[in-house]
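Single-structure report; data block below.
The values are calculated or read from the model by the stated rules, or taken from the named source; none is laboratory data. In this text the structure is predicted, and so the values were computed from the model without any measurement. Counting neighbours? That spans all protein chains shown, and the Cβs are built from the backbone with ideal geometry, glycine included.
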Protein chains: 2
Amino acid sequence: MTGQVRTVDGRVAGRRGQATRQKLLDCLGEMLSSSPYRDVKVIDVARKAGTSPATFYQYFPDVEGAVLEIAEQMATEGAQLTSLVEGRTWVGKSGWAAAEELVEGFLEFWRRNDAILRVVDLGAAEGDKRFYKIRMKILNSVTNSLTESMKELQAKGKVDKDISPAAMAGSLVAMLAAVASHQKGFQTWGVKQAELKPNLALLVHLGITGKKPTK
Amino acid sequence: MTGQVRTVDGRVAGRRGQATRQKLLDCLGEMLSSSPYRDVKVIDVARKAGTSPATFYQYFPDVEGAVLEIAEQMATEGAQLTSLVEGRTWVGKSGWAAAEELVEGFLEFWRRNDAILRVVDLGAAEGDKRFYKIRMKILNSVTNSLTESMKELQAKGKVDKDISPAAMAGSLVAMLAAVASHQKGFQTWGVKQAELKPNLALLVHLGITGKKPTK
DNA sequence: TCGGTAAGCTGACGGCATGACAGGACAAGT
DNA sequence: ACTTGTCCTGTCATGCCGTCAGCTTACCGA
């Protein structure tokens, strides 16, 4: 799909070039963690990477372009989130376990990539299709799996027919994403991680099966 | 609380001053709706308001400062969201109606203020306490009411004791906020508003009462 | 070993936004 | 008309943006 990495002016990047490019991406990632998105300047990223702004513009059209690149990499990793749902059963004790592990895995992924995910979220909310697509790519891996699980349950008559699996799955995943990006916020407030997770798991279980879990 | 509106250099603003100040805020609000946060420049806001950048800096330290001002105004309005929960009963048919109206009202508020809320969300996620406080101010009005409702239900033995009302209410509100800010996203995808809302209401009802609603 | 060629990097530059200031325009009271 | 305090803007130094020409470095075939 990607074919070859190319510079803005069309040259193909060699070993050294790819290294600098990656270094710029890494530094940008760090900057995003430590300072507000609005204040991240090309010159700072370049300085941090021990190179010049001109070099940055050789590989990326602008900051946004570079962020998209990082996000793309992350989205590829994120596809493995599917494993949190696929092949799971949602009945009995293992159903509760599935919910718990889904919450745990999701929050963990978000925590690890919070800086970039913030920006992706913003871009998507602003209506930028490229960011929206990336967000979808990540969330879809979970949403689709969940939707499938729910359809199966519906087919077996275990879940009301008038529920839209897609809407329900989408809402649940959106909730997980939202709580994840404001984890620190919850802490600063009264709510502790320890009591947050089980409640999320409960909501997930309730949403998918319509029933209280048997713990 | 606010006392008097003051310029950056300490003067008190008179009638005319307050008017230009407000005009700048309005224009900034419009700009935020039409272009990415990162690209909103002081000079554009000033031009749009028919004034000069210097005037802008007389009233606000920077773009962020002005955004905070708008957000503060919005948060004050937003406090009335409490009415969506307070004095509601969560049993029987009126319980379902309460859930539906909460969802409806919340989404509507978010849709009306999406541009600023995006930025507030970003600021909060980046750890800026000022933005976080504003976000709290809005969400708390709903969260606290919900928490109270749940505590009452718990006291009556209608809800499991091992649930943390605060965590549950917080999660539900976070979900509403998240879905609201990606409403367009859901639409672009397959999910329609019409099927989204009932599902959200269902989740809210399930979360608060632990039971399926009687419609 | 030695060019030749393409990749890789940077200094320098015009352009624009930022943020500060001092001074001019304006409204209101005397 | 004159004074006073509010309000706005022209101007300027500073710093980042984004581009280009040109220099250095690595690779490769003869």
| note | Going through region B:152-199 in order, the residues found to be at pLDDT 90 or above, more than 20 Å from residue A:194 (Cα to Cα) and of a type in the set (Gly, Ala, Ser) are B:155, B:157, B:177, B:178, B:180, B:181
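To keep it simple, each residue is scored yes or no on (1) at pLDDT below 95; (2) in the same structural domain as residue B:113 (by TED's automatic domain parsing).
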site: B:2; (1), (2): yes, no
site: B:7; (1), (2): yes, no
site: B:12; (1), (2): yes, no
site: B:32; (1), (2): no, no
site: B:79; (1), (2): yes, yes
site: B:88; (1), (2): yes, yes
site: B:91; (1), (2): yes, yes
site: B:100; (1), (2): no, yes
| message | Among the residues of region B:37-54, what is the count of those that are surrounded by 18 or more Cβ atoms within 10 Å (Cβ to Cβ) and away from chain A (no Cβ under 14 Å)? | response | 3
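Which of the helices (runs of 4 or more DSSP H) found entirely inside region B:123-215 contain at least 2 residues meeting this: acidic (Asp, Glu) and either more than 7 Å from chain A (Cβ to nearest Cβ) or buried (at least 23 other Cβ atoms within 10 Å of the Cβ) (or both)? I'd like the intermediate steps shown before the answer.
Numbers: elements: B:129-155, B:165-181, B:183-188, B:193-209.
In region B:123-215, B:129-155 are the helices (runs of 4 or more DSSP H) which contain 2 or more residues that are acidic (Asp, Glu) and either more than 7 Å from chain A (Cβ to nearest Cβ) or buried (at least 23 other Cβ atoms within 10 Å of the Cβ) (or both).
Check A:19, A:46 and return the single one that is modelled with pLDDT of 95 or more, within 13 Å of DNA strand D (Cβ to nearest atom) and in a helix (DSSP H, G or I).
Details: A:19 fails: modelled with pLDDT of 95 or more.
Testing whether each residue is modelled with pLDDT of 95 or more, within 13 Å of DNA strand D (Cβ to nearest atom) and in a helix (DSSP H, G or I) leaves just A:46.
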| message | Please go through region B:1-10 and give me each residue that is surrounded by 11 or more Cβ atoms within 10 Å (Cβ to Cβ) and either within 16 Å of DNA strand C (Cβ to nearest atom) or within 14 Å of another protein chain (Cβ to nearest Cβ) (or both), ordered by number. | response | B:6, B:7, B:8
| message | within 9 Å of DNA strand D (Cβ to nearest atom) and in contact (Cβ under 8 Å) with a residue 40 or more places away in the chain: is that true of residue A:80 in this structure? | response | no
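Is it the case that some residue within region B:38-45 is without any contact (Cβ under 8 Å) to a residue 60 or more places away in the chain and away from DNA strand C (no atom under 11 Å from the Cβ)? Talk me through it step by step, then tell me what you get.
Applying the first criterion (without any contact (Cβ under 8 Å) to a residue 60 or more places away in the chain) to region B:38-45 yields B:38-45.
Add one more test, that the residue is away from DNA strand C (no atom under 11 Å from the Cβ), and what stays is none.
Looking for residues that are without any contact (Cβ under 8 Å) to a residue 60 or more places away in the chain and away from DNA strand C (no atom under 11 Å from the Cβ), one finds none in region B:38-45, hence no.
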| Qualifying residues in region A:49-96 (those that are more than 14 Å from DNA strand C (Cβ to nearest atom), of a type in the set (S, T, N, Q) and in a helix (DSSP H, G or I)) - the one farthest from residue A:32 (Cα to Cα) | A:94
